[in-house]
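Scroll down for the structure; my scribbles are underneath it.
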Amino acid sequence: MARLLIVHHTSSPSMQAMLEAVMAGAGTDEIEGVEVVTRAALTASAVDVLGADGYLLGTPANIGYMSGALKHFFDGIYYPCLEATQRRHYGLYVHGNNDTGGAVRAVETITTGLRWHRTRPPVAVAGEVGPKDLQACWELGATVAAELVS
Amino acid sequence: MILTVALNATVNVAYEAGEIAWGASNHISRMTCRAGGGSLAVARVLAGLGEDVLVAGFAGGGAGNLIEADLARAGVATAFTRIGRESRRVVEVLDEAREQSTRLSEPAPFITTEELGRFAGEFRKLVAGADAVVLSGGLAAGLPLDIYASLASYAAEASVPAIVHAGGPALWRSLDRHPALVLIASTAGMPGAGASVGPAALLARGSKAAAMLSGAALLAAVAPGPAGLPGPGGPWRAALEGYPGLSLSAEAVVAGLLPAVVQGWAWPDALRHAVALGASADLLGEVDLDAYDLLSSEVVLAPGDGPSPG
C-alpha cells in the first residue's frame, strides 16, 4: 500500500475548501492501493515524510512567500529527508489574496533541493476560490495519488 | 565601515596536478584553500585598498571556520551568523597537461527560519554603524528570493545606502526598495531579458543609480533629481579598448563604484576607477596594484548606453 502525505497550513475558508478538494481527489475510489495521511504543517515531522511515498503540500501565500508554518515544516525535515526522499512525487496548492508566484517559487526552490519530482503544475489561486479551482485541486490530489501506484 | 553581506559564503579549494587520471589515484602538486563568493571578493578588494570593511552573513561548520580564518589573514573583519550546517565548498581541479579545469560545486546549505531570524536581527544592529552595505552574490537554500529587497529596506530605515549586485529575481525584487546602486553582469533571469534591459530600465524600476557590465565595458546611469546621487546623470560608457577577450571582475567593479556612493566622487572618476580595478582583480578579489596603475590611464570614458560591440 503506497502512502500519500498531505502537509497543509489551513488558515482560511478558502484554504479549507482547497484542502477538502485535494483530499477528495487523493482518496477517490477510482484509485486503489493508496493510503492518504493528512498532517497540519506545524505537526508534520521527518518521520511522516520518510514514511510516505509522495506528498501534497498546501499553503497560503503570505506577503509573497509560503506560510511560516510550511517553512517551519521544511526546516525540520530538509536534512533528515534529503537523501532518502529523492525523486518522490509531490504536488502543491497555494491560495493568496493577490500574487501567489512568490510562494510557489519559494516552495519550488526547496523541493528542487530535496529533488522531489513535481507531478503537475501547482494549483495557484489568487482571490476567490471557484468551482474550477476546486476541480483543479481534486485533479491534483488524484494525479499525485495515481502516480504512486502507476 | 562598509558592510558586505555573504548569504552563501564558500570555501574555494583548488587542486593542481600535472595530469589527472580519472578513476585512479592522483597526487596533487599544489593545493589552495580560500574564502570565496561575491561579497567576500568585494570585501577583499576593499581591504586591499585600505578600507574598513566588515563581512556578515551565514557561515557554518569547519568550512565556516576556514572562511573566517582566511578573511582574517586578508585583514577583513567578520560577524557571521553561525548556522547548523557546513558552508559549501567549491573544488576546482586543474589538469596542467591538458590545460583543463573541472569544478565540483557543493549544494548551498539550507538556512532555517530561526537562523534567518537571528541574521536579520544581527544585520539590523550592524547596518546602523555602516557607511554603506553591499549585497552581492548567490543565495543559500531556503532563503526567500526577496531577501536582498528586505535587507535594502532595513538599510534604508537606517539611512545607509545599499548596493545590490545579483542576478535575476533577487535583484529585480530589490529595485523598488530604491537601492543606491545596482550592478548587473548579465540579463539572465530578468523579466524582459534582452537588449532592452540596461541601466535606464533599472532606474525606471527604482534604483537610484545603475550599472551594467558588458565585456570590458561598464555602462552606467544615475537617476536625476534629489533621489539621485551627486553628479551628472549620464549615461556613460567606460571601457578598456584594445584588450580582446578581457572581462571585468564584477565584484571589483562594485568596490570601485563605492566611492561615488559613499564619498561623493564624480561618477566619471568612479567609473574609470571601477573599470581599472575590475581588470586588475582576480575572482577572489586579489588586486594587482601595478596593473591597476597601468590600466587606469587607459580607460576610455564616453557618453552612451549601448552595449560594447566586443
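The values are calculated or read from the model by the stated rules, or taken from the named source; none is laboratory data. Note that the structure is a prediction, hence the values are computed from the model and not measured. We place every Cβ from the backbone using ideal geometry, glycine too, and count neighbours over all the protein chains shown. Surface areas here come from the heavy atoms of the whole protein model, side chains and all, with no ligands, DNA or RNA. Shrake-Rupley method; radii C 1.70, N 1.55, O 1.52, S 1.80 Å.
Please compute how much accessible surface disappears when B pairs with A, both sides summed, using a 1.4 Å probe, and round it to the nearest 100 Å².
The buried area between B and A, both sides summed, comes to about 1000 Å².
Can you figure out the FRET efficiency of residue B:128 with residue B:286, using R₀ = 45 Å and their beta-carbon distance, to the nearest 0.05?
The value I calculate is 0.90.
Within the range A:103-147, list the residues whose amide N lies under 14 Å from a label point set 7 Å along Cα→Cβ of residue A:20.
Taking a point 7 Å out along Cα→Cβ of residue A:20, the residues of the range A:103-147 whose backbone N falls under 14 Å are A:129-131, A:134-135, A:138.
With a 10 Å cut-off between alpha carbons and a GNM built on chain B, which of B:59, B:291, B:41 moves the most?
Looking only at B:59, B:291, B:41, the largest GNM fluctuation is found for B:291.
Is there a quick way to get the dipole size of the range A:1-48? I mean about its Cα centre, with the Cβ of Lys and Arg at +1 and of Asp and Glu at -1; what is the value in debye to the nearest 20?
So the magnitude is around 260 debye.
In deg cm²/dmol, rounded to 500, what helix-only [θ] at 222 nm does chain B give when every DSSP H run of at least 4 residues adds -39500 (n - 2.57) and the total is split over its residues? Don't skip to the end; give the middle numbers.
On the way: 9 runs with 96 residues, N = 310.
Result for chain B, helices only: -9500 deg cm²/dmol.
How far apart, in nm, are the 7 Å Cα→Cβ label points at residue A:139 and residue B:72?
Calculated label separation equals 6.0 nm.
Might you report the magnitude of the Cβ-based charge dipole of the protein assembly as shown about its Cα centre, with Lys and Arg at +1 and Asp and Glu at -1, to the nearest 20 debye?
In debye, rounded to 20, the protein assembly as shown gives about 540.
Convert 10 °C to kelvin, take the viscosity as 1.306 mPa s, use the Kirkwood radius over C-alpha pairs of chain A as Rh, and evaluate the Stokes-Einstein diffusion coefficient in µm²/s, rounded to a whole number.
107
Residue B:114 versus residue A:47, label points 7 Å from Cα toward the beta carbon: distance in nm?
A separation of 1.9 nm, rounded to one decimal place.
Starting from the range A:13-77, pick out the GluC sites (Glu not before Pro) whose DSSP state is loop and whose Cβ has at most 16 other Cβ atoms within 10 Å.
Answer in residue order: A:30, A:32.
Using modelled backbone amide H atoms (1.01 Å from N, in-plane), which distant-in-sequence or interchain residues come within less than 5 Å of residue A:58's amide H?
Under 5 Å from the amide H of residue A:58 lie the amide H atoms of A:7, A:8, A:9, A:93, each far enough along the sequence or on another chain.
Would you kindly derive the ³J(HN,Hα) couplings of the range A:90-102 from the backbone phi angles with the Karplus curve 6.51 cos²θ - 1.76 cosθ + 1.60 (θ = phi - 60°), listing them in order in whole Hz, with x for Gly and Pro?
Values per residue, Gly and Pro as x: 8, x, 9, 10, 9, 10, x, 6, 10, 6, 10, x, x Hz.
Select from the range A:50-99 all residues whose loss of accessible area on going from the chain by itself to the full protein assembly reaches 40 Å² or more (probe 1.4 Å).
Output list: A:65, A:71, A:75, A:78, A:79.
With just the Cα atoms defining each centre, how far is the range B:129-174 from the range A:67-136? Give it in Å.
A separation of 25 Å, based on Cα centres.
When all C-alpha to C-alpha distances in the range B:1-160 are sorted into bins of 10 Å, what percent of pairs does each bin hold, rounded to whole numbers?
Reading upward from the zero bin: 11, 37, 31, 14, 6, 1.
In the range B:1-84, what GluC sites (Glu not before Pro) fall in a loop by DSSP, with at most 11 other Cβ atoms inside 10 Å?
Here the GluC sites (Glu not before Pro) that fit, given the DSSP loop and packing criteria, are B:19.
Starting from the Cα of residue B:263, move 7 Å in the Cα-to-Cβ direction to define the label point; list residues of the range B:51-92 whose amide nitrogen is under 14 Å from there.
Those under the cut-off are B:51-53.
Using the Kirkwood radius built from alpha carbon pairs, what does the Stokes-Einstein equation give as D for chain B at 25 °C and 0.890 mPa s, in µm² per second?
124
Using 1/(1 + (r/R0)^6) with R0 = 35 angstrom and r between the beta carbons of residue B:105 and residue A:28, what's the FRET efficiency to the nearest 0.05?
Result of the calculation: an efficiency of 0.25.
Show me, for the range B:235-245, the HN-Hα J-couplings you get by feeding each phi into the Karplus relation (A = 6.51, B = -1.76, C = 1.60, θ = phi - 60°), rounded to Hz, glycine and proline as x.
x, 10, 10, 10, 8, 9, 8, x, 10, x, x
Would you kindly compute the Cα radius of gyration of the protein assembly as shown and its largest Cα-Cα separation (Dmax), both in Å?
Computed over the Cα atoms of the protein assembly as shown, radius of gyration and Dmax are 24.5, 78 Å.
Using +1 at the Cβ of each Lys and Arg and -1 at the Cβ of each Asp and Glu in chain B, identify which of B:113, B:163, B:184 lies farthest towards the dipole's positive end.
Toward the positive end, the furthest listed residue is B:113.
Any idea which of B:36, B:94, B:26 is furthest toward the positive side of the dipole for the range B:1-108, if Lys and Arg beta-carbons carry +1 and Asp and Glu beta-carbons -1?
Projecting each Cα onto the dipole axis, the largest value belongs to B:36.
Hey, can you find the accessible area per residue of chain A for me, probe 1.4 Å, expressed in square angstrom?
Solvent-accessible surface per residue comes out at 44 Å².
Count the DSSP beta bridges whose two residues both fall in chain B, then state the antiparallel fraction as a percent rounded to the nearest 5.
Within chain B, antiparallel bridges account for around 45 percent of the total.
Using a probe of 1.4 angstrom, how much of the accessible area of chain B is carbon and sulfur, in percent?
Of all accessible area on chain B, carbon and sulfur atoms account for 54 percent.
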